[in-house]
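Working notes, structure below.
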Amino acid sequence: MRKTRIKVCSEGIGCVDAELFDEYSPKTYEAIVRSLPIESTAHRWGSEVYFSIPVVIGEENPFEVVEKGTIAYWPPGNALCIFWGPTPVSRSPDEIRPASPVNVVGKVLGNPDIFENIKDGDKIRVIPAK
């Protein structure tokens with residue numbers, strides 16, 4: 001399994017160590033690594049934090065085809081996931097949240113409690129760890 005160490009950074013939290021891996025979705029992993037560094041805006045949905053990014057992936061496996069993806073911190077398992085389809089970032093807050101397709105693409109290695117300090121609209125950078 002390939003892995004890439006990253007840092008998720010925000011003015012309010014500093015940087016948190018994390019890791020991307022290709023175990024569940026190799027093409028999505030490759031697309032995210034190619035996109036680094038990523039600059040985005042945080043959007044909160046309860047305890048989840050979303051960062052919108054464009055991700056273009058081939059069509060061999062329809063579950064890995066993404067035109068615009070959203071990386072999210074998902075508290076169970078301290079996971080970093082990628083969602084596509086309607087997400088809180090792209091939908092009206094009045095809509096009911098659907099079960100979007102999702103792939104786990106990484107894990108937070110640092111203290112995940114720090115994500116509680118990210119506010120809606122904070123600037124986020126996802127950078128390679130040195």
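Computed quantities for the displayed model
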{"quantity": "Heavy-atom SASA rank of Arg44, Arg34, Arg125 (probe 1.4 Å, accessible area, largest first)", "calculated": "Arg34, Arg125, Arg44"}
{"quantity": "Lys107, Lys119, reordered so the largest accessible area comes first (probe 1.4 Å)", "calculated": "Lys119, Lys107"}
{"quantity": "Extended-chain gain in nm, criterion 0.36 nm per residue less alpha-carbon gap, Lys3 and Leu109", "calculated": "36.9 nm"}
{"quantity": "Spin-label model distance (nm) - Cys15 vs Lys119, 7 Å beyond Cα toward Cβ", "calculated": "2.4 nm"}
{"quantity": "Greater than 19 Å apart at Cα, pairs in Lys3/Lys119; Lys27/Lys123; Lys107/Lys130", "calculated": "Lys3/Lys119; Lys27/Lys123"}
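The values are calculated or read from the model by the stated rules, or taken from the named source; none is laboratory data. Every value quoted in this text rests on a predicted model; they were computed, and no experiment measured them. Positions of Cβ are generated from backbone atoms using ideal geometry, with glycine treated the same way; all protein chains shown enter the neighbour counts. The protein model used for the area step is the full one, side chains on, heavy atoms only, and it has no ligands, DNA or RNA in it. Shrake-Rupley method; radii C 1.70, N 1.55, O 1.52, S 1.80 Å.
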